[in-house]
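What follows draws every value from the coordinates through simple rules; no lab data is involved. Nothing here was measured: the structure is a model prediction, and the numbers come from that model. All Cβ positions, even for glycine, are placed from backbone atoms using ideal geometry, and neighbour counts span all protein chains on display.
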Amino acid sequence: MAIKPSDLFKKQNQGMPGIVLPSKEISAQEKKELEAEKIILEEERIYREGVVSVKDLISPAALAVTPTFLKLGDKFLRTLFVISYPRYIAVGWFAPIINLSVTLDISMFFYPVKANIILKQLRNKVGALEAQILSDREKGAPRDPIRETALRDIEKLRDDLTQGVEHFFQFGLYVTLYANSKEELDNLTGDIESLFGSRLVFSKKVLYQAEQGFNSTLPLGNDELMIGFNMNSSPVASSFPFISSELTSDEGILYGINRHNNSLILFDRFSLQNANTVVFATSGAGKSYAIKLEVLRTLMFGTDVLVIDPEREYKHLCDAVGGTYINISLSSESKINPFDLPRPMGEQKTADIIRGSVITIKGLIRLMLGKLTHQEDSIIDRALLETYAKKDITSDSDLTKAEAPIMQDFQDVLEGMEGGADLSLRLKKYTQGTFAGLFNSPTNVDTKNQLVVFSVRDLEDELRPMAIYMIVNYIWNVVRSELKRRILIIDEAWWLMQNEDSAKFIYALVKRCRKYYLGVTNITQDVNDFLLSPYGQAIVNNSALQLLMRQSPAAIDLVQKTFLLTEGEKYLLLECGVGEGIFFAGDKHAAIKVVASYTEDQLITSDPRQILEIEEAKREFDRSMAARKEE
């Protein structure tokens with residue numbers, strides 16, 4: 001039966017769409033329903049076109065394909081593939097590329113090959129090599145070490161495959177690089193190829209397969225390049241990319257828990273090229289808590305610890321372990337004389353000791369008097385030498401019996417020198433004025449204890465840099481007088497970074513302390529003040545241990561640049577909790593969480609609420625003990 005086109009229409013019939021049915025006549029009601037259905041279908045089509053899917057969100061605005069690279073949005077991409085490996089390859093050879101602070105996509109494809117196929121090919125290869133070696137021997141030709149080495153390797157591989165010790169794979173390794181410009185992409189490509197080449201691993205850039213290379217490194221599992229290298233299990237395993245830094249050693253103290261794998265971070269700071277440490281963190285991030293925990297555990301190994309405490313945070317710990325707590329202030333009975341001299345060690349000459357002390361005291365005088373002219377600097381230099389000479393301290397003197405001068409002696413010498421009257425007048429406030437109680441007395445403090453804490457909390461802000469400078473100089477004299485394993489902790493070291501002389505002194509101390517078995521720890525919450533100092537970066541470079549904890553957004557870019565952090569490490573420092581951060585030890589680093597036992601926590605806590613609870617518990621205990629005695 002012939003059917004006119006006008007008599008055909010599509011309608012769902014018994015759940016089957018698109019069936020063509022004949023119709024003689026359509027009622028007005030059915031026409032209305034069809035029109036309404038068409039409108040609904042068109043509206044749904046328009047709606048679906050406007051819906052934003054996940055693909056719409058992650059897809060780039062545009063993609064340009066060239067023979068050697070892709071341009072994905074505003075990024076330039078290029079894929080490298082490995083074509084050859086050396087005869088021997090070390091475990092972790094891929095780590096320098098993985099840890100590079102650039103954006104990379106890495107894909108590895110493993111294609112297992114049946115052992116019987118490989119064994120058959122290896123048997124044929126062995127036969128050919130043995131025949132060639134035998135032929136060379138019969139001809140009297142010199143031995144070929146390349147063939148003999150290949151024969152030994154193949155025989156060992158045959159044994160391992162037969163015994164099931166090894167398996168065989170075709171291994172494909174692809175790396176896609178990201179850059180912001182073509183020039184940056186070319187430079188990055190050269191760097192990656194150099195890193196591969198330094199391990200005798202040879203790679204090539206994709207050519208007319210840029211899109212296939214990019215697709216092969218997407219998290220889809222599609223190998224569109226299909227470039228493999230025959231390898232057995234051991235070298236394939238050495239390329240495994242997920243490497244977790246281990247900072248566990250046989251000796252040392254527990255710094256914390258490795259957040260990557262929950263292993264212990266045990267380390268001895270004196271086992272590195274130097275024992276210096278820098279700690280950067282915002283207020284409340286747990287930096288003082290971590291260092292006090294290190295102090296407590298270090299004391300158990302017999303190491304002496306000296307601390308400069310600006311906020312009286314170490315008082316409770318010092319009392320608990322029987323340490324010496326020295327309060328340095330204008331009204332305090334504890335005094336330090338900046339003119340003290342160290343005892344000579346070994347073949348050290350007395351003249352060199354006096355000369356070094358004069359240079360150090362000149363730095364303190366600059367802090368006290370402000371900027372000096374060249375003429376004033378020369379006058380002070382001459383006056384300091386005469387001040388020591390006034391006390392019979394010369395190059396021929398016995399420093400063990402010498403009595404060091406004080407600031408008043410120096411002022412008296414200045415008054416009697418030509419051009420020194422003005423300097424003497426400016427110095428009077430430190431000898432007879434409001435600041436007379438700090439620098440103008442002989443030393444009466446005792447540092448013969450395993451833990452010695454110098455508190456500068458009660459000092460005015462104007463005097464703090466000078467006092468810390470004077471204390472560090474005194475400690476340096478003590479260190480040079482007796483060779484012993486010690487740690488010096490300078491809390492809030494940014495005070496010293498604000499002035500060039502004090503910053504230079506700390507840098508010289510950090511650089512020289514290794515020879516005297518001393519490790520210096522610089523702690524600061526003001527990262528910008530510390531790192532922007534001309535000597536801040538040098539101090540970081542001369543500190544083998546570094547602890548970074550939570551950072552402020554204002555300082556994170558400077559910290560990232562200084563410590564060459566990846567983007568992931570940068571955001572870790574912005575978002576980590578109290579007591580968490582990144583621990584650097586030499587070339588290794590790992591995410592750390594500082595942990596303490598209950599007893600340790602009670603001794604080192606800086607939380608005011610917790611300290612009040614502990615003090616209240618002590619008072620309650622004292623009251624109960626007193627009540628028992630009365631009974």
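Points worth noting:
- A Cα-only calculation for segment 63-238 places Rg and Dmax at 19.8, 66 Å.
- Candidate values (1) 1.47; (2) 0.96; (3) 1.02, label of the one derived for Cα Rg over 2.2 N^0.38 Å: (1)
- Each helix, a run of at least 4 DSSP H residues, gives -39500 (n - 2.57); summed and divided by the residues of the chain, these come to -13500 deg cm²/dmol at 222 nm.
- Exposure proxy shown here: for Asp461, Asp529, the number of other Cβ atoms within 10 Å sets the order, fewest to most, as Asp461, Asp529.
- Listed by chain and number, the aspartates and glutamates whose C-alpha is less than 18 Å from the C-alpha of Lys156, apart from same-chain residues fewer than 8 away, are Glu130, Glu148, Glu166.
- Cross-link reach is defined here as a Cα-Cα straight distance under 28 Å, omitting same-chain residues fewer than 8 places apart; for Lys75 the lysines meeting it are Lys55, Lys182, Lys204, Lys205, Lys561, Lys570.
- FRET efficiency estimate (nearest 0.05) - Cβ-Cβ, Arg628 to Lys315, R0 30 angstrom: 0.60
- Going by neighbour counts of Cβ atoms within 10 Å, the residues His260, His316 line up, fewest first, as His260, His316.
- Hits among lysines - C-alpha to C-alpha of Lys429 under 18 Å, sequence gap 8 or more where chains match: Lys335, Lys362, Lys371
- For trypsin sites (Lys or Arg not before Pro), no site in segment 34-82 is both called loop by DSSP and has at most 15 other Cβ atoms within 10 Å.
- In segment 438-530, lysine pairs with alpha-carbon atoms under 19 angstrom apart (chain gap of 8 or more, or interchain): 4
- Cβ-derived FRET efficiency at R0 51 Å, Glu620 paired with Leu385, nearest 0.05: 0.25
- DSSP H segments from the chain that extend 15 Å or more along their own axis, Cα-based, with Kyte-Doolittle mean of 0.0 or above: 287-299, 350-369, 464-481
- Point-to-point label distance, Asn541-Glu333, nm (Cα→Cβ direction, 7 Å offset): 4.8 nm
- Cβ-derived FRET efficiency at R0 60 Å, Asn116 paired with Lys504, nearest 0.05: 0.25
- When the chain is described by a simple charge dipole with +1 on each Lys and Arg Cβ and -1 on each Asp and Glu Cβ, the residue from Ser357, Val65, Gly581 located farthest towards its positive end is Val65.
- Considering only chymotrypsin sites (Phe, Trp or Tyr not before Pro) in DSSP loops that have at most 14 other Cβ atoms within 10 Å, the longest stretch of the chain without any of them is 302-631.
- By the count of neighbouring beta-carbon atoms within 10 Å, fewest first, Ser543, Ser27, Ser332 end up ordered Ser27, Ser332, Ser543.
- All C-alpha pair distances within segment 572-631, sorted into 5 Å bins from zero, spread as 4, 14, 14, 15, 14, 11, 8, 6, 5, 4, 3, 2, 0 percent across the bins.
- With 0.36 nm allotted per residue and the present C-alpha distance subtracted, the Glu462-Ser238 stretch has 74.8 nm of extension available.
- DSSP bridge orientation in the chain - percent antiparallel, rounded to nearest 5: 65 percent
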